[in-house]
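K.L.:
First, the structure itself, so that you have it in front of you.
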There are 2 protein chains.
Amino acid sequence: MSGPSQIPPAKSRELPIGIFDSGIGGLTVAREIHRTLPHEDLVYLGDTARVPYGTKSPNTVIRYALEDTRFLLTQNVKAVVVACNTASAWALSTLQRSFPVPVIGVILPGVRAALEQTRTGRIGVIGTAATVRSQAYTLGIHAGRDSAQLFARACPLLVPLVEEGRVNDRITRLILKDYLAPLLRRRIDTLVLGCTHYPLLKTALREVVGPKVALVDSAESCARFVREELGRLRLLNTRRRRAGKIFPYVTDEVERFTEQADRFLGFPTEPAFKVDLPAM
Amino acid sequence: MSGPSQIPPAKSRELPIGIFDSGIGGLTVAREIHRTLPHEDLVYLGDTARVPYGTKSPNTVIRYALEDTRFLLTQNVKAVVVACNTASAWALSTLQRSFPVPVIGVILPGVRAALEQTRTGRIGVIGTAATVRSQAYTLGIHAGRDSAQLFARACPLLVPLVEEGRVNDRITRLILKDYLAPLLRRRIDTLVLGCTHYPLLKTALREVVGPKVALVDSAESCARFVREELGRLRLLNTRRRRAGKIFPYVTDEVERFTEQADRFLGFPTEPAFKVDLPAM
């Protein structure tokens, strides 16, 4: 993470936190940040015109992440949270080098939480094809503990299942069994939900993995990490007492986002606006 | 369909046919056009950096389709085939008004083929959420035959299932049963495969619908329609005897396209190139 080393002026602390994702999934991260830091305003960008990122190439994901971050900076945010595992996996270091505010991803917090949870050091992770291909989790887990073993599986059907509202039906459980069987055969004791959509599948996932496997929710661990990092950088909005708000922006039209947002967020946002992101 | 009314110079007939799709699915249409018109060169554009179109809004799909078509015209094509049901549903008339070459979609050919096949006039169609929402099939079927009834179902999981290679496994058959049950209860006798990915599911679809329901493959009916229309406009390349080639372009990186292309096309293409589409 990059960031200013001097103590920032009190005014910066009152600025909103920026969050972006390829679509609406990152609202699970926004929800947890809002729960953890209830006085912070959040500016959320969902790149719904180009969703998903998880099937695209590294260079394309990096380009989109740069454009997303640049938009958030026009909204005068004090920090940027990359609430998309694929963008965190491929673009985080580029973003950290390219912009003058702290940029926080979802991978490292998930890795840390998994290393805290695991007893056997046998950790599974599920995510998009691009996230798994990136090896970001493998590298993070091994950097944290040499002896840990990571078993990763790409699960391309889970995002469309969640978006169709099939969060716990028979077909979803069958698909989860199919995806998770190889990880369970490796006797993992911890499973990282490496995609923002997956927290909505927690009930079905719990049924499939049984009671003994710890589930690491990237959104929860990311929110705790954001609190720690902004605290360390003295960027937390400690004075305000009113509840923070969430200001959503999307790149496709707002209707579909608004229809689905409540399901991911659990409460209403401010009205969403459509933006065009200029190409870099 | 728009198009020049005077007889075009012989040189135009030797130009390639342009085809675009949101990704690789349109290769099923390219395959059928190549089979039907083996001496034609085809320039194929897959907008893989922004795939899929089927979950996006009408205005966004129209904007992308305009950019795709504009690119094909820079490649000096004599006609454009919109090998994407969603783009055909939302953008065809805008494209026909905006460009000086014939523009042919996949919806009307599928509608005609369904009306030829059906005995009872009870027709089902499956496609993306956007295609179904557009009502393009409903309007087309009713324009062709007042008394026909159309039953449409959005099937968002089928594209990711095909892209994962699950074209006939147990999970795919279960999902197909689930999607098709309401259509079969309406006693359809004809089912239009209203998405370019679905021809790869034909074997599984046949098992699920049984032997009595006719399956209309949009790609096949589109290829026949292209031959008729280009024949009518005297744009067929009738002189050449060498086999036509397929020249693919993609907006994301070429590797993933190349990996999957053979499966959709059944034979190798020329090497693919990456292009950036300037925004309109």
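K.L.:
Per the helix-only calculation at 222 nm, which mean residue ellipticity applies to chain B, given -39500 (n - 2.57) for every DSSP H run of n ≥ 4 and division by its residues, nearest 500 deg cm²/dmol?
P.N.:
-13500 deg cm²/dmol
K.L.:
What are the lysines whose alpha-carbon lies under 19 Å from the alpha-carbon of A:Lys202, with same-chain residues fewer than 8 places away excluded?
P.N.:
A:Lys177, A:Lys212
K.L.:
Work out the mean other chain Cβ neighbour count within 10 Å for the residues of B:46-58 and drop it here as an integer.
P.N.:
Across the residues of B:46-58, the mean count of other-chain Cβ atoms within 10 Å is 4.
K.L.:
Would you kindly work out, in nm and rounded to one decimal, the distances from the label point of B:Gly210 to those of the same position in each other copy, ordered shortest first, with label points 7 Å along Cα-to-Cβ?
P.N.:
Listed shortest first, these distances are 4.2 nm.
K.L.:
Let me ask something additional. Through the Karplus equation 6.51 cos²θ - 1.76 cosθ + 1.60, θ set to phi - 60°, convert the phi angles of the range B:244-251 into ³J(HN,Hα) values in whole Hz; use x for Gly and Pro.
P.N.:
Those phi angles translate into x, 10, 10, 10, x, 10, 9, 9 Hz.
K.L.:
With the Cα gyration tensor of the range A:205-280 giving a ≥ b ≥ c as the square roots of its eigenvalues, does the rule (a/c under 1.5 for rounded; else a/b larger than b/c for prolate; else oblate) give rounded, prolate or oblate?
P.N.:
Oblate shape, in that a/c is at least 1.5 and b/c is the bigger or equal ratio.
K.L.:
Still on this structure: Using θ = phi - 60° and the Karplus form 6.51 cos²θ - 1.76 cosθ + 1.60, what ³J(HN,Hα) does each residue of the range B:91-101 get, whole Hz, x for Gly and Pro?
P.N.:
With the stated coefficients, the range B:91-101 comes to 10, 4, 5, 4, 5, 5, 6, 8, 10, x, 10 Hz.
K.L.:
Within 10 Å of each Cβ in B:164-177, how many Cβ atoms from other chains are there, averaged over the peptide?
P.N.:
So the per-residue partner count for this stretch is 2.
K.L.:
Express the relative contact order of the range B:108-218 as a whole percentage, based on alpha carbon pairs under 8 Å and six or more residues apart in sequence.
P.N.:
36 percent
K.L.:
For the residue pair A:Arg263 and A:Lys11, what label-to-label distance in nm results when each label sits 7 Å from Cα along the Cα-to-beta-carbon direction?
P.N.:
Between A:Arg263 and A:Lys11, the label points sit 4.3 nm apart.
K.L.:
How far apart, in nanometres, would the label points at A:Thr36 and B:Arg153 be if each is projected 7 angstrom from Cα along the Cα-to-Cβ direction?
P.N.:
4.2 nm
K.L.:
Let me ask another. For the range A:1-125, rounded, prolate or oblate, judged on the Cα gyration tensor with a ≥ b ≥ c (square roots of eigenvalues), a/c < 1.5 rounded, else prolate if a/b > b/c?
P.N.:
oblate
K.L.:
Moving to a separate point now. If I take all pairs of Cα atoms in the protein assembly as shown, what percentage of them are more than 31 Å from each other? Working shown, then result.
P.N.:
Working: 78929 of 156520 pairs.
Counting every Cα pair in the protein assembly as shown, those more than 31 Å apart make up 50 percent.
K.L.:
Now, a different point. Distances from B:Glu259 to the same residue in each other copy, label points 7 Å out along Cα→Cβ, in nm, shortest first?
P.N.:
Those separations, rounded to one decimal, come out as 3.2 nm.
K.L.:
Report, by chain and number, residues whose modeled amide H sits under 5 Å from the one on B:Tyr249, excluding near sequence neighbours (fewer than 5 apart, same chain).
P.N.:
B:Tyr44, B:Leu45, B:Gly46, B:Phe273
K.L.:
Taking 8 Å as the Cα distance limit and 6 or more residues as the minimum spacing, I'd like the relative contact order of chain B as a percentage.
P.N.:
Computed value for chain B: 27 percent relative contact order.
K.L.:
Let's test the formula: R0 of 56 Å, r as the Cβ-Cβ distance of A:Asp146 and B:Thr120. What FRET efficiency results, to the nearest 0.05?
P.N.:
Rounded to the nearest 0.05, the efficiency is 0.25.
K.L.:
Please check: in the Gaussian network model of chain A (C-alpha springs, under 10 Å), which one of A:Ser147, A:Ser218, A:Ser88 has the largest mean-square fluctuation.
P.N.:
A:Ser147
K.L.:
Run through the other copies and list how far each one's label point is from that of B:Arg145, in nm with one decimal, shortest first; the point sits 7 Å from Cα along Cα-Cβ.
P.N.:
Computed spacing set for this position: 6.6 nm.
K.L.:
Along the Cα-to-C-beta direction of B:Phe99, a point sits 7 Å from the Cα; which residues of the range B:250-271 have their amide N less than 17 Å from that point?
P.N.:
In the range B:250-271, the label zone of B:Phe99 (backbone N under 17 Å from the point 7 Å along Cα→Cβ) covers B:250-251.
K.L.:
What's the ranking of A:153-166, A:186-199 by average number of surrounding C-beta atoms within 10 Å, highest first?
P.N.:
A:186-199, A:153-166
K.L.:
For B:243-253, what's the mean count of beta carbons from other chains sitting within 10 Å of each residue's beta carbon?
P.N.:
Values: counts 0, 0, 0, 0, 0, 0, 0, 1, 2, 6, 5.
For this peptide, the per-residue mean of nearby foreign Cβ atoms is 1.
K.L.:
Whole number please: convex hull volume per residue of the Cα set in the range A:136-242, in Å³?
P.N.:
Working: hull volume 15.6 nm³, N = 107.
Value for the range A:136-242: 146 Å³ per residue.
K.L.:
Also, quick follow-up: Could you work out how far apart the two model spin labels at B:Thr203 and A:Gln135 are, taking each label as a point 7 Å from the Cα in the direction of the beta carbon, and quote it in nm?
P.N.:
Inter-label distance under the simple model: 3.5 nm.
K.L.:
Could you tell me the calculated FRET efficiency between A:Thr238 and A:Asn76, based on Cβ-Cβ distance and R0 = 30 angstrom, to the nearest 0.05?
P.N.:
0.95
Values quoted throughout were computed directly from the atomic coordinates according to the rules given, and no laboratory measurement underlies them. What you see is a predicted model; the values in this text were computed from it and never measured. Every residue, glycine as well, gets a Cβ built from its backbone with ideal geometry; the counts of neighbours run over all protein chains shown.
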